[in-house]
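To start, the structure under review is shown below, and the notes come after it.
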Amino acid sequence: MEILKRDTLNEGGFAGLKEHRLVKGPEIFGPQGNDDGSWPGLENFVYLADARFMPHGETRMHSHHEIDVISLMVHGNIKHEGSLEHGKDLSRNEVQVQRAGGEGFSHNEINPDDNWNRLIQLWVLPEVAGQPAGYKVYKPETGELTRIYGGKNNSDSDFASKTKIDVGLLGNGQKVEVDGAFLAYITRGKGIANNQQIQDGDLIRGSSLTFKANEDVQLIVVHGG
C-alpha cells in the first residue's frame with residue numbers, strides 16, 4: 001500500500017478557493033500532469049481536489065462537458081447555482097453528483113458563510129459519450145459505505161460505471177474491507193489501513209484494503225472495475 005500526504009503537495013487555487021490536487025489523470029492533464037507529485041487516478045477516475053472556499057468565496061460560473069463531477073462536503077455549506085437543479089444547496093456530509101454528458105452543464109458553487117468551508121471534488125470520465133445531463137444529491141448513511149457513483153446500468157445505479165465510488169461515515173472501531181484495486185482518501189479523523197496509521201489528508205492505494213476507524217471518520221473509496 002502507498003500513501004500520498006496532501007500537505008506534501010503545493011496548494012494552488014482559483015477564484016475564491018484554495019485547493020490541493022491529489023489526483024490528476026493524464027487523460028485530462030497530459031503526460032506531465034503528475035510531475036507535481038500527484039497521482040494519475042484509477043481507470044475512469046481522473047481527478048481529486050481537496051478545496052477550501054474562503055468566506056463568501058465562489059468558483060464563478062463555468063461549464064463542463066463529458067465529465068461526471070462529484071462534490072463532497074467535509075464541513076460548512078455550499079450554495080449551488082447552475083443549469084442543473086439551481087438552488088439545491090449542500091451541507092456537511094452531503095454529496096452532489098452532476099453528469100455533464102454531451103448536453104453539458106454550467107454551475108457556480110458559493111460559500112454562503114462567514115467561515116472557511118471544505119469540499120472534496122472528484123471527476124470521473126463517463127463510459128458512454130453523449131448522455132443527457134443528470135443531477136443527484138446523496139446523504140451517506142452513518143456506519144457504512146454508501147455507493148454514490150457507479151455500478152450496473154439498472155435501477156440500483158443512478159450513474160452507471162465500472163468505476164465505483166463509496167463514501168463512508170464510520171465511528172470508532174468500525175471496519176470496512178475492499179477486495180480489489182482501490183484509491184481511498186480520508187477527509188476526517190484517523191484509522192489503521194492495512195496495518196498502517198492514516199489520517200485526514202492521506203490518499204492511499206493498493207490491491208486490497210482493510211480499514212479500522214480509530215475515531216469518527218469520513219472516507220472516500222474508489223474501486224476499480
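Spread over its residues, the convex hull of the C-alpha atoms of region 32-122 is 108 Å³ per residue.
When the Gaussian network model of the chain links Cα atoms closer than 10 Å, the mean-square fluctuations of Phe182, Phe14, Phe211 top out at Phe14.
Amide H contacts of Glu11: none lie under 5 Å away among residues 5 or more positions distant or on a separate chain (H built 1.01 Å from N in the peptide plane; Pro and chain starts excluded). The orientation-averaged shadow of the Cα convex hull for the chain, equal to a quarter of the hull surface, comes to 11.4 nm². Between His75 and Gln32, the contour length at 0.36 nm per residue exceeds the Cα-Cα span by 12.2 nm. Extension gain for Lys162 to Thr210 (0.36 nm times residue separation, less C-alpha to C-alpha distance): 15.1 nm.
In a reduced charge model with +1 at each Lys and Arg Cβ and -1 at each Asp and Glu Cβ, region 104-159 shows a dipole moment near 160 debye about its Cα centre.
Taken over region 130-225, the percentage of Cα pairs per 5 Å bin, counting from 0 up to the bin with the maximum distance, is 3, 13, 24, 24, 16, 10, 6, 2, 1. Non-local lysine pairs in the chain, meaning eight or more places apart or on different chains, with alpha-carbon distances under 16 Å, amount to 12.
Throughout, read-outs are computed from the coordinates displayed, never taken from laboratory work. It should be emphasised that the depicted structure is a prediction, and the values quoted were computed from it without experimental measurement. Glycine also receives a Cβ, built like all others from the backbone with ideal geometry; neighbour counts cover every protein chain displayed.
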